Amino acid sequence: MKEQKFYRHIARFYDLLDLPFENSRYKPLRQELFKDAEGFLLDAGVGTGRNFPHYPKSCQVTGIDLSPAMLSRARWRREKLGATIELREMNVLEMNFADDSFDSVVSTFLFCVLDDELQLPALKEIRRVCRPDGRIHILEYAISEDPLRRFIMKLWAPWVRFAYGAEFDRNTEQYLETAGLEQVECRFLYRDIIKLLTVRPKTNWSADKA
Ligand SMILES: C[S@@+](CC[C@H](N)C(=O)[O-])C[C@H]1O[C@@H](n2cnc3c(N)ncnc32)[C@H](O)[C@@H]1O
């Protein structure tokens, strides 16, 4: 898959390339994601494990990623932190977990990497493995409405596409209804460019009808 190829090459530079954004933007936002997390927690598209320091101690965490190279960095980080986190190479579109396996699912900057036609299948698969009363937190980029910021983001877009295979404007919300999910909350955590989308499985929804 194209994502595997992208992240094979970038994995060893990923933390370094992202460092200025990690320290100035992402770190404080990541904490927000885990406030109400409990029980079995899935981190989908775990990458190099940037979320590790923020997992609640009470959670039993599994991280999955398509890229062996990113997972190798994640294993290194896990060792460094002495954390107990299960890491598995797996595609979010086809997860090897039983239905309703997780109390919470978190994904940070995964959906910006997934092509438009993969957004719905990924949401459906996440819904399948999330318990009916569970919560799904998706941290993502959005393209700013502010003309200057929008212009700067458009200048950055080719680099982001080239280096990470990502886009700023995936607009993942548009697929929620068809995926059998409903929005609990959508709020910007950094200006109008990084948003936290919190969703839950819809009740009385059948995958066969979608
Ligand atoms: C931009 S990185 C984000 C990593 C991490 N969540 C973070 O916040 O730093 C996107 C990650 O998604 C992974 N990924 C891309 N497509 C995937 C898929 N179909 N299934 C699982 N992981 C995938 C990539 O390998 C990469 O590690």
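The values are calculated or read from the model by the stated rules, or taken from the named source; none is laboratory data. Small disclaimer: the values here were computed from a predicted structure and weren't measured. Neighbour counts are summed over all protein chains in view; Cβ atoms, including those assigned to glycine, are modelled from backbone coordinates with ideal geometry.
Residues that are assigned to a helix (DSSP H, G or I) and surrounded by fewer than 16 Cβ atoms within 10 Å (Cβ to Cβ) within segment 173-195 comprise Gln174, Glu177, Thr178, listed in sequence order.
If only residues of segment 62-111 that are among the polar types (S, T, N, Q) and touching a Leu at 6+ places or on another chain (Cβ under 6 Å) are counted, the one that is farthest from Phe168 (Cα to Cα) is Thr62.
Whenever a residue of segment 43-61 is at negative phi, its partners that are charged (D, E, K, R) and within 13 Å of the ligand (Cβ to nearest atom), lying with C-beta atoms within less than 6 angstrom and at least six residues away or across chains, give the pairs Val46/Asp65; Thr48/Asp15; Thr48/Arg73; Asn51/Arg30; Asn51/Asp43; Phe52/Arg77; His54/Arg30. Considered as a group, the residues in segment 112-149 that are of a type in the set (Asp, Glu) and not in a helix (DSSP H, G or I) include one that is surrounded by the most Cβ atoms within 10 Å (Cβ to Cβ), and that residue is Glu140.
Among residues of segment 96-111 being of a type outside the set (Asp, Glu) and surrounded by fewer than 20 Cβ atoms within 10 Å (Cβ to Cβ), the one that is nearest to Arg50 (Cα to Cα) is Phe109. Residues of segment 40-67 that are within 24 Å of Leu93 (Cβ to Cβ) and either among the basic types (Lys, Arg) or surrounded by fewer than 16 Cβ atoms within 10 Å (Cβ to Cβ) (or both): Arg50, Gln60. All conditions but one from (1) of a type outside the set (Lys, Arg); (2) assigned to a helix (DSSP H, G or I); (3) closer than 18 Å to Leu33 by Cα apply to Val199; the one that does not is (2). Hey, does segment 17-30 have a residue that's more than 28 Å from Asp192 (Cβ to Cβ), more than 14 Å from the chain's Cα centre (by Cα) and either near the ligand (Cβ under 10 Å from one of its atoms) or surrounded by 18 or more Cβ atoms within 10 Å (Cβ to Cβ) (or both)? No, segment 17-30 contains no residue that is more than 28 Å from Asp192 (Cβ to Cβ), more than 14 Å from the chain's Cα centre (by Cα) and either near the ligand (Cβ under 10 Å from one of its atoms) or surrounded by 18 or more Cβ atoms within 10 Å (Cβ to Cβ) (or both). Evaluate the following for Arg128: is it more than 12 Å from the ligand (Cβ to nearest atom), of a type in the set (Lys, Arg) and over 20 Å from Phe13 (Cβ atoms)? For Arg128, the condition - more than 12 Å from the ligand (Cβ to nearest atom), of a type in the set (Lys, Arg) and over 20 Å from Phe13 (Cβ atoms) - is met. Across segment 95-111, the qualifying residues are those that are within 13 Å of the ligand (Cβ to nearest atom) and outside any loop (DSSP other than H, G, I, E, B), and the one among them that is farthest from Gly63 (Cα to Cα) is Thr108. Tallying residues that are within 16 Å of the ligand (Cβ to nearest atom) and either farther than 18 Å from Phe188 by Cβ or not hydroxyl-bearing (Ser, Thr, Tyr) (or both) within segment 131-145 yields 6. Of the residues making up segment 38-94, those that are small (Gly, Ala, Ser) and not in a loop (DSSP other than H, G, I, E, B) are Ala44, Gly63, Ala69, Ser72, Ala74. Going through (1) of a type outside the set (Lys, Arg); (2) away from the ligand (no atom under 12 Å from the Cβ); (3) closer than 29 Å to Pro158 by Cβ one by one, Thr84 falls short only on (3). Contact annotation: residue pairs with Cβ atoms under 9 Å, 6 or more positions apart or on different chains, pairing a residue in segment 157-172 that is in a helix (DSSP H, G or I) with a partner that is surrounded by 15 or more Cβ atoms within 10 Å (Cβ to Cβ) and polar (S, T, N, Q), are Thr172/Gln119.
Residues in segment 154-168 that are at pLDDT 95 or above and either more than 16 Å from the ligand (Cβ to nearest atom) or loosely packed, with under 13 Cβ neighbours inside 10 Å (or both): Lys154, Leu155, Trp156, Pro158.
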